[in-house]
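The values are calculated or read from the model by the stated rules, or taken from the named source; none is laboratory data. This structure is a prediction, so every number in the text was calculated from the model and none was measured. Note that we place each Cβ from the backbone using ideal geometry, even for glycine, and neighbour counts take in every protein chain shown. Please note that ligands, DNA and RNA were not included when accessible areas were found on the heavy atoms of the full protein model with its side chains. Shrake-Rupley method; radii C 1.70, N 1.55, O 1.52, S 1.80 Å.
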Amino acid sequence: MTIPALAPVRSAVIPAAGFGTRFLPASKAVPKEMNVVLDRPAVQWLVEEALAAGVEEVVCIIHPRKAPLVRHFSPVPELIEAARRAGRPAVEAALRRLEELAGRVRFVEQSEQRGLGHAVLCAEAAVGDAPFLVLLGDALVRSRTPCALQLVQARERLGRGCILGLEQVPRRLTDRYGIAAGEPTEIEGDWRITDLVEKPTPAAAPGDLAVAGRYLLEPEVFERLRTLAPGKGGEIQLTDAIRGLIGEMPVHGLVYEGKRYDIGSPEGYLAACIAFARRDPRFRKVVSASVFAKC
Ligand code: UTP
C-alpha cells in the first residue's frame, strides 16, 4: 500500500478585520495590524513570516475601513524613484522588496465583524481544498526559526491533520485564550489535543496551554465553520470549529520555540518594539540600558 503524499501548504491567511477595541483611539484610523514595529508594520512582519514558511500566497482578511493595509501593499514607483534620487540605497532596496511581497498578497473583505472563525471562513474561496496556515494579525512571534515554518515542519513529521501553535500561560489568564487539553506525544513540545475550550475561567480550564496566534489547518475546517452557531461573545469561534474536528482527524498542538507579542494592546505593542529592537543591530543601541536611563 502506498501512503498518499502530503499536500503542500500553499497559502496563509492573516485575519485583520477586527475592531481593535483594546487599542482605541489609536486604532480608529490606523488599524492595529499597521502598528509599526521598528521599520515596518506588523502585517509586513507577518507576510514575511508566512512566505518564509514556503507558502505561495497570503490572503489578508480586512474590513472596508482597513484600507491602509491595502495601500501598504500597493506599488508606488515614485517613492522608489525618490529614494534612488535621494541616494538612499537601503530604503530603495526595502521598497523593492516590499513590491515583491505585495505580488504575493491578496485581500478579501469581511464586511461584518462576526468573529475570528467567520474571518477565516471568508478565505475559503481563496484557499481552496488545501491545507493552510493562519497567522493572527495582532500576534508577532520572535523566534530563531520562523514560527509558521515550525508548524509546517511539524506537519512533515506528524502527517495530515490540524496543528495549533501553543504557549504555556499563567493559569490566572486562561480566560483570555482558547485552552487545549491533551497528552504529550513522544516528540518534545508536541501534544495530541483531546479538547479545546474558548476563554475558560481558571477554575474551568483543562490546563494552561493556550492556542497562541498560529494555526495550520485542513480544509475540513471550512465545512465546520459554515454550520457553526455563534459561541463565546456571540462570535463564530475558530476554536469551536477545530474542536469539532477532534476525533475526525488528528489535531496536534506544538509548543513553538519563540516569544509571542500581542501588538493589539498598548502594553504588548511596546514590549514588541523593545524586544525586536534589542535583537536588531540597527536599533540595539537605542534601547540599551544606558540610553534608557537618559530618557
Ligand atoms: P482579536 O479578537 O484579538 O481582535 O482577534 P479584535 O477583535 O480586533 O481585538 P479587540 O479585542 O477588539 O481589541 C485576533 C485577530 O483576528 C482578527 C483581528 O483583526 C485580529 O488580528 N479578527 C477578529 C477578524 O479578522 N475578524 C473578526 O471578526 C474578529
For ASP240, the accessible surface traced by a 1.4 Å probe with all protein chains present amounts, in square angstrom to the nearest 10, to 50
Mean-square fluctuation maximum in Gaussian network of the chain, Cα pairs under 10 Å, restricted to GLY189, GLY87, GLY264, hits GLY87
From most to least accessible, 1.4 Å probe, no ligand or DNA/RNA atoms counted, THR194, THR21, THR227, THR174 line up as THR227, THR21, THR194, THR174
Contact order relative to length for the chain, counting C-alpha pairs under 8 Å separated by 6 or more residues, stands in percent at 22
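I'd like to check one number: the per residue accessible area of region 152-246, probe 1.4 Å, reported in Å² as a whole number. Don't skip to the end; give the middle numbers.
Details: 4340 Å² over 95 residues.
Normalised by residue count, the accessible surface of region 152-246 is 46 Å².
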Magnitude of the Cβ-charge dipole (Lys and Arg +1, Asp and Glu -1) of region 1-113 about the Cα centre, nearest 20 debye, reported as 300
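Could you work out what % of the accessible surface of the chain is carbon and sulfur, using a 1.4 angstrom probe and leaving DNA, RNA and ligands out of the count?
Working: 8000 of 14690 Å².
Ligands and nucleic acids excluded, carbon and sulfur reach 54 percent.
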So the angle from the long Cα axis of helix 42-52 to the longest Cα principal axis of the chain, reported in degrees to the nearest 10, equals 70
Ordering ARG282, ARG144 by the accessible surface of their heavy atoms, 1.4 Å probe, largest first, yields ARG144, ARG282
Rounded to the nearest 500, the 222 nm mean residue ellipticity computed for the chain from DSSP H runs (n ≥ 4, each -39500 (n - 2.57)) alone is -9000 deg cm²/dmol
Mean projected area (nm²) from the convex hull of Cα positions in region 143-263 is 7.7
In nanometres, the difference between 0.36 nm per residue of separation and the alpha-carbon distance of ARG144 and ALA289 is 49.8 nm
Rounded to the nearest 10 Å², the accessible area of ILE163 using a 1.4 Å probe with every protein chain kept is 0
Number of Lys pairs in the chain closer than 13 Å at Cα, excluding neighbours under 8 places apart unless interchain, is 4
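Where the eigenvalues come from the Cα gyration tensor of the chain, what are the semi-axes √(5λ) of the equivalent ellipsoid, largest first, in whole Å? Don't jump to the answer; show the numbers that get you there.
Numbers: eigenvalues 199, 102, 79 Å².
Value: 32, 23, 20 Å, ordered largest first.
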The set of residues whose placed amide H lies less than 5 Å from the amide H of TYR256, leaving out same-chain residues fewer than 5 positions away, is LEU166
Helix 89-102: inclination vs the chain longest Cα principal axis, degrees, rounded to 10, gives 30
The set of residues whose placed amide H lies less than 5 Å from the amide H of GLY231, leaving out same-chain residues fewer than 5 positions away, is ILE236, GLN237
If unit charges are put on Cβ atoms (+1 for Lys and Arg, -1 for Asp and Glu) and the dipole of the chain is taken about its Cα centre, the option from PHE276, GLY244, HIS63 lying farthest towards the positive end turns out to be PHE276
Once all protein chains are kept in place, LYS199 shows an accessible area at probe 1.4 Å, nearest 10 Å², of 80
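What are the GluC sites (Glu not before Pro) within region 66-95 that DSSP puts in a loop, where the Cβ has at most 16 other Cβ atoms within 10 Å?
Values: sites: GLU78, GLU81, GLU92; in loops: none.
When the GluC sites (Glu not before Pro) of region 66-95 are filtered for loop state and at most 16 Cβ neighbours within 10 Å, nothing remains.
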